[in-house]
Every structure is written in structure tokens, then in C-alpha cells.
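Nothing in this text is a laboratory measurement; each read-out follows from the coordinates by a stated rule. Bear in mind the structure is a predicted one, so any value in this text is a computation, not a measurement. A quick note on method: Cβ atoms are made from the backbone with ideal geometry, for glycine too, and the neighbour counts reach across all protein chains shown.
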Amino acid sequence: MRRMFPRSRLTLILGTGLCLLFVPVAAVLTTTSAAGSSPTLYEAEDATLTGVTVESSMPGFSGSGYVTGFDESTDEVTFTILDSPGGLHDLTIRYATPYGQKHATLLLNGSGMGEVVLTEVEGWATVAAGRLNLRPGENTVTIRSNWGWYHIDAITVAPSPEPPPHQVTADLANPNASPSTRALMRYLVDHYGRNILSGQQDYESIEWLRGNVGRLPAIAGLDMMDYSPSRVERGATSREVENAIDWDARGGIVTFCWHWNAPTGLIDEPGREWWRGFYTDATTFNVAEALADPTSTEYQLLLRDMDAIAAQLQRLEDADVPVLWRPLHEAEGGWFWWGAHGPEPARQLWRLMFDRFTNYHHLDNLIWVWNSASPEWYPGDDVVDIVSSDHYPPVGDHGPLSGAYQRLVELGGDRKLVALTETGSIPDPDELIAYRADWSWFVTWSGSFIEDGQYNPLDFLQRVYNHPYVITLDELEDFKNWPDTTPSGPPSSPSESPTAEPTDSVPPISGSPSQPVKGCSVTYRIIIQWPGGFHGEVIVTNTGSVPIDGWTVQWAFTDGQTITHIWNATLTSTSPVTVQSVAYNSRLDPSASTTFGFLGTYQGANSVPAVICIAS
Ligand code: CA
């Protein structure tokens, strides 16, 4: 009587609106990067067609027609890209969906790249379908039927812009989070983009990994399912809290989901048994109606269930076990009752739980992991620490899920960590690096997904678990005491060669000997640079003997550099460059520092300017 997860629930969603986040930088890089950066259009009607036909009856297509008739699973259109310089490229698909939203399967050079959602549109539309890492020379891009019943007009392929640095912070939604919880978050942020943490759902499957792969995951995925009151009253028991305490003692990280058996309204007939009570189709429980009336029995049962789980989480807090807490997962899929009535009740239930656990139960060991990429379902930055989604690509597809990753980066404004909280086929670590799909961790689902040799062949698992990019249990550092040294600027990418330059500062501006000394110094450095662009960082330090309540930094660029984007400070003038503190970093105690960052362009040299700092 364990969870059963039909393949039909599993969706890989590639991004729509992929480029939004990158617009400012993309605009800059387009003007400064080498020739060939503009999109190249490939007409579907000129591509290689298998089981599909060219039509021209629906107006508005480009070229001489479009391709349609995707009704067999093997039907496909294959575009050939000749003489590519290679490297990361953004794929856009122009399509029509006269029969509503459909999915298409993508392949690059015959290898699976997940699915793309073709949303329902009037007429023709384009969708940002994620990234392709092209090899030099010839490449093929295939769109394969999947759900079919759509028209494909054309694709465009354009070199991907350099991604801006992450702006992820270790701040937690609960201001009273415990020291070990805050330390775990800092550990995750410090490794973001440098490594991926391995994870495995279910203690039995972890044991299978130990026996067959010889290494253990950094993260154990566990489930509050059998603490649900409507299961407990039918005799269910669980050892998941004991497992979590054991895993913590072995130096591992714990994540919990909760297959929340509906509190009441279980149908309990063949196919809809009580133990499937987290599924929408196995219960009559209506979350929208329950939440609409706080005096109702159903509302009180929601609180009863939350309180039961809070008691288990309290045991973990008492044992100083921080938890990556992922309740109400996959809500937007609708297959679980908490997502069965649309986004509003799901968001409301999340906020109710956050408030109940944080402010009523004072659970301070939780890092709140939201599990949907859709903005309509997002409950808000103030109650979410990490954004995530679950993906089960087809057998043999170990692609990086870059479109899905970008959607989550956009959802969290690149200020929230992004995690792959459930997967079947594990992404290839080499692909993750190549695509800069910086998933913080992955958790492979249990049972056949890890053990059947199909989703993840044993030699592949051994490569993943021995890959230098992948952190395993034995490689975890002391995350519960991880120091608070995170710079306020984003970390540099491991694939770049840092080009740090010497520091430059001016002496503090002193007051008269009889007065307190007020002053500041600055360090200017180039974190990364690439053709035409760079990421700069400035550290401001109070060198005086008294606190300062604001600072201004000024310099004159000597090589025609310009600032295109700035964070943790305000750009008030460009010539000379004048940058001022913002409300949250204007006050600095003696010896304290703060950091701001920026993206810039340059031509020729990119010299480090002389920088002055004025304290106020
Ligand atoms: Ca066309």
C-alpha cells in the first residue's frame, strides 16, 4: 500500500517567456557580441518531414506553409542547422493550437530534450522552448508528436545571451529560523551554480543506492503521508521522523513532502481506496469550500491535520534537524485535492499553513520549498524560501531541463534558489554545467525510477554519483554550522575565469582630532568578463570610528565602459559614475562592509578606475 504514481501525471514544462529576465542584458550583448547573434529562421515546410504534411489553409504563416498532421507517436519534423559555431542557443517555436493546449517532444541531434508546452492560442504564436547546446557544424532539431494536433510553422535559433549573475540570497521567510536552519540555507546558496546536491526519495531506495552504486545521496527525501490523521485512524504507522533523525545523525540533509490524505470525504472503493486519499479522484473533500468558511467542520479538520504534522516537525526541531519542507506539491497539476480547485485555494492553504507553523507552532527549523513554476499559483515571496518543480522526462532523456529551470528563475526573480525536487531520469551533470541549469539539488523518485535500469542505467548512476559536480553524502560539509560569509553580491560562475583586478581605495576622510573619525574605503573588482561585457563588484567598508548613515561612491571610467544594471545600490549619475547606498545598506557600523554589484559593457581594455568613497 504505497504511493502509486502513474506516468500520466508527469509533465515536463519548458518555459514560456524565457527571455523576460534577460532582456536588459540581452539587449546590451546583442549590440556588442560577434556577428551571427541574430535569430536564424527555419521554415517547417522546408524541413525533413516524417508522417506529417505541408498545408497552407490557415492564414498568417511565414514562408510557403506550415506542417501539420501530428497524429501518430512517430510523426515528426526535423530541422537541420548547418555550419553552427556551436554553443548555447535559444530555441523559439512558431505554432498554432486550434484544438487547445498540447505538448510536443523535443530532440537535439536525436537526444531527448524534454517536452515543450504549446499553450492554447488564437492564430499563430511563438514559445520560448528552452536552450540547445549546439555542437560545431551540423545539428538537427526535431519536434515529435507527443499529444499532436498542432501546427508548426517555423523555429528560430539564436545564440543565448550571457546569463546575468544570480542574485539569490540566504534570507528566510521566517525571521526566527533556527541557527542550523539558517546555516543550511547559507550552505545551499554558497553551492548554487557550483554544484548540484544529490538526493533520493525513500529510505529503501537509498539503501538500494548504497548496495548498487556504492555512494549515498546528500539529501534524503521523506514523506509525512502516514502521519495524516485520516490514515492514522485506519491503522497507518510511519517511521519517517526516525529516519530523518537518523539521516541527520549521519550528516545528511532532510527534505519532506506530504502526501496529505484528505481529512474527510474519502471515497474508499476499489480504485479510490482510502490510502489514495491525497488524489483528487479519491475524495469528495472540497478545499475551496473548506477555506471559504473558517467556522466549518472541514476548515477545522484542515487545522487538525496541520497540527498533527506540526507535532512531527516539532520532534525534528527538538532534535535540531532542519527540514527542506515541501508541502502541497504539484498543486497546479490538479491531481491532488489541494490543487483541484485552481490556484486561489492552493495559495490560501499555503499561507494558512505557513502562518500556523511559523507563528502559532513556532516551528523554526523549516525552509519553505514551493513546488510549481506557474506565477498564478505562487503564494508570495514572503512565504517562500526556495522554488522548485518536478519533472519526469521520458526514458533515455537526461537533458538539463533548462527551460523548466529558467521558468523557476523567473518566478523567483533569481532571488530564490531553484530545486529539482522530484525526477525520474536524472539530468546528466555535464549537461547541467553546459546549459548553466543551476538546479540546487535533485531528488530521484523511489522504486523503479532508481532501480529499474531504464530511467537511470547503473553505469549512468555510477557516473552521476562520482561526478565532481555532484555532492554526495560523504562530500557534505558541516552545513549546520556553515559560516555567514556569503557576500551580498552573487557568486561567480565556476565555468568562468575570474579576472579580479587589484583593489583601489582612498584613505578615510578624517574629522578633526577631537572629533570621531568618519570615513569609508572601497574595493573595486571585476568578477567575470566576457567579450563586450562584465560583472563588477564594489565593497564599501566603514573605516571610521563611528557608524555612518549613507555612502556615495564615485569614479570615472577610462575605457568607455557603461553600467547597464546595478543591484544593492542606486546609480545617480553616469559621468562621473556616482553610486549611492539604498535604505537597507546605508548604515554601516565601524569596520562593517557592504557590497554592490553591476553589469557593464566595455570596448578594448576594461581598466580598473580610481574610486573614491564619501561617508555621510
Ligand atoms: Ca512556415
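Close amide H partners of D75, meaning residues 5 or more places away or on another chain with modelled amide H under 5 Å apart, are S145.
For region 316-421, a simple Cβ point-charge model (Lys and Arg +1, Asp and Glu -1, everything else neutral) yields a dipole of about 180 debye relative to the Cα centre. Let a ≥ b ≥ c be the square roots of the eigenvalues of the Cα gyration tensor of region 219-324; is it rounded (a/c under 1.5), or, if not, prolate (a/b larger than b/c) or oblate? Cα axes put region 219-324 in the prolate bin. One Cα centroid belongs to region 424-445, the other to region 549-616; the line between them spans 36 Å. About its Cα centre, the dipole of region 249-303 is roughly 380 debye, where the only charges are +1 on Lys and Arg Cβ and -1 on Asp and Glu Cβ.
Label-to-label distance for N359 and Q101 is 3.2 nm, based on points extended 7 Å past Cα in the beta-carbon direction. Across all directions, the average flat footprint of the convex hull enclosing the Cα atoms of region 261-420 is 10.7 nm². Distance between the modelled labels on E289 and S38, one decimal in nanometres: 6.0 nm (7 Å Cα→Cβ projection). Taking a sphere under 10 Å around the Cβ of L363 and counting the other residues whose Cβ falls inside, with K and R at +1 and D and E at -1, yields a net charge of -1.
Neighbour counts of C-beta atoms inside 10 Å place H191, H565 in the sequence H565, H191, starting with the fewest. Mean residue ellipticity, 222 nm, helices only, the chain: the sum of -39500 (n - 2.57) across DSSP H runs of n ≥ 4, divided by residue count and rounded to 500, is -5500 deg cm²/dmol.
Contour minus end-to-end for S593 and D46, with contour as 0.36 nm per residue of separation and end-to-end as the Cα-Cα distance? Show your work: numbers first, answer last.
On the way: separation 547, 0.36 × 547 = 196.92 nm, distance 5.91 nm.
That pair, S593 and D46, stretches by 191.0 nm at full extension.
Counting Lys +1, Arg +1, Asp -1, Glu -1, what net charge surrounds D428 among other residues with beta carbon under 13 Å of its beta carbon?
Result for the neighbourhood of D428: -3.
Farthest towards the positive end of the charge dipole of the chain, among the residues G412, F336, A288, is the Cα of G412, using unit charges on the Cβ of Lys, Arg, Asp and Glu. Working note: Karplus 6.51/-1.76/1.60 with θ = phi - 60° gives region 265-282 the couplings x, 6, 6, 6, 9, x, x, 10, 5, 4, 7, 9, x, 8, 7, 3, 7, 10 Hz, where Gly and Pro are set to x. For A592, nonlocal amide neighbours, meaning residues 5 or more places apart or on other chains whose placed amide H falls under 5 Å from its own, are N542.
In this structure the amide hydrogen of S545, modeled in the peptide plane, comes within under 5 Å of the amide hydrogens of V517, K518, G519, none closer than 5 places in sequence on its chain. Each residue of region 364-380 was assigned a 3J(HN,Hα) from its phi angle through the Karplus curve 6.51 cos²θ - 1.76 cosθ + 1.60 (θ = phi - 60°); the sequence is 10, 10, 10, 10, 8, 10, 7, 10, 6, 9, 7, x, 5, 8, 6, x, x Hz, with glycine and proline shown as x.
With the charge dipole of the chain set up from +1 on Lys and Arg Cβ and -1 on Asp and Glu Cβ about the Cα centre, the Cα lying farthest toward the positive end among the listed residues T578, Q101, L303 is that of T578. When W247, W337, W124 are arranged by Cβ crowding within 10 Å, least crowded first, meaning fewest neighbours, the order is W124, W247, W337.
Using only side-chain charges placed at the Cβ, +1 for Lys and Arg and -1 for Asp and Glu, the dipole size of the chain relative to its Cα centre rounds to 1100 debye.
Of all lysines in the structure, those lying under 29 Å Cα to Cα from K416, and not within fewer than 8 positions of it along the same chain, are K480. Inter-part distance, region 191-246 to region 145-175, computed on C-alpha centroids, equals 30 Å.
Other residues lying with their Cβ under 12 Å from the Cβ of T485 contribute a combined charge of -1, Lys and Arg counting +1, Asp and Glu -1.
Label-to-label distance for E344 and S64 is 5.2 nm, based on points extended 7 Å past Cα in the beta-carbon direction.
Pull out a ≥ b ≥ c, the square roots of the eigenvalues of the alpha-carbon gyration tensor of the chain, then state rounded if a/c is under 1.5, prolate if not and a/b is larger than b/c, and oblate in the remaining case. Oblate, because a/c is 1.5 or more while a/b does not exceed b/c.
Distance from the Cα centroid of region 324-377 to that of region 87-139 is 30 Å (rounded to whole angstrom).
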